[in-house]
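S.K.: A single structure is presented below for examination.
The values are calculated or read from the model by the stated rules, or taken from the named source; none is laboratory data. These numbers come from a predicted model, not from an experiment. Positions of Cβ are generated from backbone atoms using ideal geometry, with glycine treated the same way; all protein chains shown enter the neighbour counts.
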Amino acid sequence: MNNELTKQLFRFLLLLALQVLICNHICLFGFMSPDIYLLALMLLPLTLSKSVQYIIAFATGLIVDLFALTYGIHALASLLMITLRPWIIILLSINKKKMDENVPSPKNRDFRWLLPYTLLMVFSHQLIIDLIEAWSFSRFGATLLSLAANTLFTSILILCLEYIFIPKKTSTPT
């Protein structure tokens, strides 16, 4: 348990540092900016109490906001993402027994489950960010393009990071 907590904390701090020091300064094509810190929130243990998840999501979003000068947008989007997380997991979990697994990761989920999970979580986060940044529907097409591009770009990066750094589930020899 203590070893798992240490790994979670290290991964969390590493992703937050990468976000603040590198990803906040990436802007492809003038509107695509990855938010890889979401992986740390997506990998929070399901057994963690809701209040602790909310505190972690708010603090994480606030730290990113402080370095990106976005005045609370990431904190709000992170809170919404953590709020929607149980419903997204229920929506994707056909078998209720599979929901009891501790962390949704390649270690205990397959790609067919992780892809929609990642896309829905990132989409919920990006939706809030893009709508608040636009603050009007006059540039609806540009906002929609930014939402789609950022969701895909961030989701691809998150999935790559998951499969590179988190070991896949092991199959039992028959």
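S.K.: Is the stretch 112-134 home to any residue that is surrounded by 14 or more Cβ atoms within 10 Å (Cβ to Cβ) and over 30 Å from GLY30 (Cα atoms)?
M.R.: yes
S.K.: Also: For ALA75, all conditions in the list (1) touching a Leu at 6+ places or on another chain (Cβ under 8 Å); (2) among the small types (Gly, Ala, Ser); (3) within 22 Å of PRO104 (Cβ to Cβ) hold save one; what is the number of the exception?
M.R.: Answer for ALA75: the failing condition is (3).
S.K.: Can we say ILE90 is without any contact (Cβ under 8 Å) to a residue 12 or more places away in the chain and within 23 Å of ALA148 (Cβ to Cβ)?
M.R.: So ILE90 fails the test.
S.K.: While we're looking at this one, here's another question. Taking the stretch 1-51 as the region of interest, how many residues are among the β-branched types (Val, Ile, Thr) and not in a helix (DSSP H, G or I)? Explain how you work it out, then say what you get.
M.R.: Keep residues of the stretch 1-51 that are among the β-branched types (Val, Ile, Thr), which gives 6, 20, 22, 26, 36, 47.
Those still in the list that are not in a helix (DSSP H, G or I) too: 22, 26, 36, 47.
Residues that pass the stated criteria total 4.
S.K.: Determine if the stretch 95-110 includes at least one residue that is modelled with pLDDT of 85 or more and assigned to a helix (DSSP H, G or I).
M.R.: Looking through the stretch 95-110, none of the residues is modelled with pLDDT of 85 or more and assigned to a helix (DSSP H, G or I).
S.K.: Moving to a separate point now. Among the residues of the stretch 55-67, are any of a type outside the set (A, V, I, L, M) and modelled with pLDDT under 90? Step through it out loud before you land on a result.
M.R.: Taking the stretch 55-67 and keeping what is of a type outside the set (A, V, I, L, M), we get 58, 60-61, 65, 67.
Those left that are additionally modelled with pLDDT under 90: none.
Within the stretch 55-67, none of the residues are of a type outside the set (A, V, I, L, M) and modelled with pLDDT under 90.
S.K.: Determine which single condition PHE58 fails, assuming it passes every other condition in (1) out of contact with any Leu (no Cβ under 6 Å at 6 or more places or on another chain); (2) over 25 Å from ALA149 (Cβ atoms).
M.R.: (1)
S.K.: Tell me, please, whether a residue that is within 19 Å of PHE29 (Cβ to Cβ) and surrounded by fewer than 17 Cβ atoms within 10 Å (Cβ to Cβ) can be found in the stretch 161-170.
M.R.: no
S.K.: Taking the stated definitions as given, is ALA75 within 19 Å of LEU16 (Cβ to Cβ) and among the small types (Gly, Ala, Ser)?
M.R.: yes
S.K.: Among what's in the stretch 140-157 and is free of Cβ contacts under 8 Å to residues at least 60 places away in the same chain, surrounded by 15 or more Cβ atoms within 10 Å (Cβ to Cβ) and of a type outside the set (S, T, N, Q), pick the residue that is nearest to HIS125 (Cα to Cα).
M.R.: Here the answer is LEU147.
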